[in-house]
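Bear in mind that the values in this text are calculations on the coordinates, not laboratory data. This structure is a prediction, so every number in the text was calculated from the model and none was measured. As a convention, Cβ positions derive from the backbone with ideal geometry for all residues, glycine included, and neighbour counts pool all protein chains shown.
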Amino acid sequence: MMAGIKGRNTKPELVLRRALHRAGFRYRLHRRDLPGKPDLVLPRFGAVVFVHGCFWHRHRDCRFCTTPKSNAEFWLKKFEGNVARDAAAIESLCKSGWRVAIVWECSLRGVDLDQHLRTLADWLGGRNQLLELPVRAPPSKLSDRNLDSAAPARPC
Ligand SMILES: [Zn+2]
C-alpha cells in the first residue's frame, strides 16, 4: 500500500489531509496520470494540491530553504531540476483546466495552520486558478502596493 512508497505520506502532508478530511473535503491521492503526481486531487473542485517541501522545492525567502555548503554545485543542479519540473507540471495542469494549489510545508508546521487551512478551503470553493500558501505577505510600503500581492505567483 501507500506506506511502501518512499517520500510519500510525510508528516506535513498528513496534517493537511486530516484537516481537509475533517472539514468535509474528499480527495484522491497521488494521481500518477496527472503531471507532477499531485499529492491531493479534488475532482469536485477541479483542483489539485501539491504539498511541497521547502528544501527540495526551493521555497523562496523561507528559512527551511537552505543550501548545503559541501557539494554546492551538485545541490544547485538538483534544485534547478526540481524547480523546473514543478513549473512544467503546474503549467501543464493549468492548461488542462486544473486549478493548482501549492502548499509549502512550513505553512503546515507553524501556529498559523488554521488560518492557512481556511485560506485553502476558501480557495477550493472559489474560482481562482492558483494558490500558494503561505500567501506572500502584503507589501510593507505604500509605494509597493502596485505590485498587486493578490496576483498568482506564477504565470499560468
Ligand atoms: Zn517554506
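Annotation note: trypsin sites (Lys or Arg not before Pro) in segment 68-137 located in DSSP loop regions with a Cβ neighbour count of at most 16 within 10 Å are LYS69, ARG109, ARG127, ARG136. Looking at segment 2-149 alone, DSSP beta bridges between its own residues are antiparallel in about 35 percent of cases.
The fewest-to-most ranking of ASP112, ASP39, ASP61 by surrounding Cβ atoms within 10 Å reads ASP61, ASP112, ASP39. In terms of surrounding Cβ atoms within a 10 Å radius of their Cβ, SER96, SER107, SER70 rank from fewest to most as SER70, SER96, SER107. Computed across segment 2-149, the Kirkwood hydrodynamic radius from all distinct Cα-Cα pairs reaches 16.4 Å.
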